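Encoded as structure tokens, the structure appears first; notes follow it.
No lab work stands behind these numbers, since they all come straight from the coordinates. Keep in mind the model is a prediction, meaning the values are calculated, not measured. Cβ sites come from the backbone with ideal geometry, for glycine too, and all protein chains shown count toward neighbours.
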Amino acid sequence: MQTVTTIKNLAAVIKHWKRLGLSIALVPTMGNLHAGHLKLVSEAKAKADKVVVSIFVNPTQFSMGEDFDTYPRTHSQDAALLAALDVDVLFLPGVTEIYPSPIRTLVSVSVISDLHCGVSRPRHFDGVATIVCKLFNIVQPDIAFFGEKDFQQLAIIRTMVRDLNIPVIIVSVPTVREADGLAMSSRNSYLTPEQREIAPKLYQSLRAAQQGVLAGTHAFSHIEQHERQLLRLAGFAVEYFSICRVTDLLPANPSDNDLVILAAAKLGKTRLIDNIQFKIKALTVDSP
Ligand code: PAF
């Protein structure tokens, strides 16, 4: 595996591959790799001739007071994991390589970026869409891989690619979970042992809400309120817990059948997000 830190050197590698007619996959990450990332990489390996993994803790997607400075940076450990998976290139640029001058152009996917995580993290998704767009321009991949744990991020990236005619196929990969159901995340390392015990309750609540919907409960807001309350009692500060339509991430109603329940909650300072996606047969709504 080759580690490349500059856009210029990466461009030379990409040009060579393109000349040979090889397909290129990109797995964008912020590092501190776990089994969820490694699943993205193995899917990428299966689908393309060459795989580039980027590790870049992107400052523009963090707000003041968030964990940009303390975000775990474990580059040598990450590089060893990627080399073992036979990744072709690790792209590891510094902040000034990606943002050499103050950025004047942002990619902003309207409406959907203001919902859910966008409420407590204003402009977060502009930072995400901008860096992903930049990485697409730098790496010029045919295909790129993202985890379903960040469901809203995935929807925003798909929208950006559609709206801007970006010629990259977006592949989503199911969330990888610990044995007790906790979704793998780099931020799980912030949890104290006591918080780590409580953390799987977020996924348990999502499952319980899913069961409620599948059992035919029409009052989605009651399900949401009940689960929010249980999470609060368990020690979470709940940011949102919403039964939504997959198509636009707006609140679902009983006639929708392609659903996702999205949740974000804090345990102490650690913010956890998770979701569960499922289909239901359209329920019969009582006529007035
Ligand atoms: O999901 C992440 O790790 C980041 O948001 C991404 C897509 C690598 C952009 O910085």
At a 10 Å Cβ-Cβ cut-off, how would you order LYS39, LYS281, LYS149, LYS15, fewest neighbours first?
LYS281, LYS15, LYS39, LYS149
In square nanometres, what is one fourth of the surface area of the convex hull spanned by the alpha carbons of the chain?
16.4 nm²
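In terms of the Cα gyration tensor, with a ≥ b ≥ c the square roots of its eigenvalues, is the range 146-233 rounded because a/c is under 1.5, prolate because a/b exceeds b/c, or oblate? Walk me through the intermediate numbers first.
On the way: a/c = 2.59, a/b = 1.37, b/c = 1.90.
Judged from the Cα gyration tensor, the range 146-233 comes out oblate (a/c at least 1.5, b/c at or above a/b).
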Place a point 7 Å from the Cα of MET64 along the Cα-to-Cβ direction; which residues of the range 88-122 have their backbone N under 20 Å from it?
102-104, 118-122
Label model pair ALA208, LYS47: point-to-point distance (7 angstrom along the Cα→beta-carbon line) in nm is 3.5 nm
State, in angstrom, two size descriptors of the range 1-46 derived from its alpha carbons: Rg to one decimal place and Dmax to the nearest whole number.
12.4, 33
Give me the distance in nm between label points sitting 7 Å out from Cα along the Cα-to-Cβ direction at VAL171 and ARG73, one decimal.
3.1 nm
Quick one: Debye curve from the C-alpha atoms of the range 55-122, no solvent, what's log10 I(q)/I(0) at q = 0.13 Å⁻¹?
-0.57
List ASP248, ASP69 from most exposed to least, where exposure is judged by having the fewest other Cβ atoms within 10 Å.
ASP69, ASP248
One would report the antiparallel percent of DSSP beta bridges in the chain, rounded to the nearest 5, as 50 percent
Provide GLU66, GLU178 in ascending order of the number of other Cβ atoms located within 10 Å of each residue's Cβ, fewest first.
GLU66, GLU178
In nanometres, what is the gap between the two model label sites at LEU164 and GLN229, each 7 Å from Cα along Cα-to-Cβ?
4.5 nm
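I need the peptides 125-137, 80-92 ranked by packing, meaning the mean over residues of other C-beta atoms within 10 angstrom, with the highest value on top.
On the way: 125-137: 21.1, 80-92: 17.8.
So the peptides 125-137, 80-92, ranked by packing, come out 125-137, 80-92.
Hey, what number do you get for the chain at 222 nm if only DSSP H runs of n ≥ 4 count, each worth -39500 (n - 2.57), divided across all residues, to the nearest 500?
Details: 10 runs with 108 residues, N = 288.
Rounded to the nearest 500, the figure is -11500 deg cm²/dmol.
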Past the 31 Å Cα-Cα mark, which pairs from LYS50/LYS149; LYS8/LYS47; LYS8/LYS266?
LYS8/LYS266
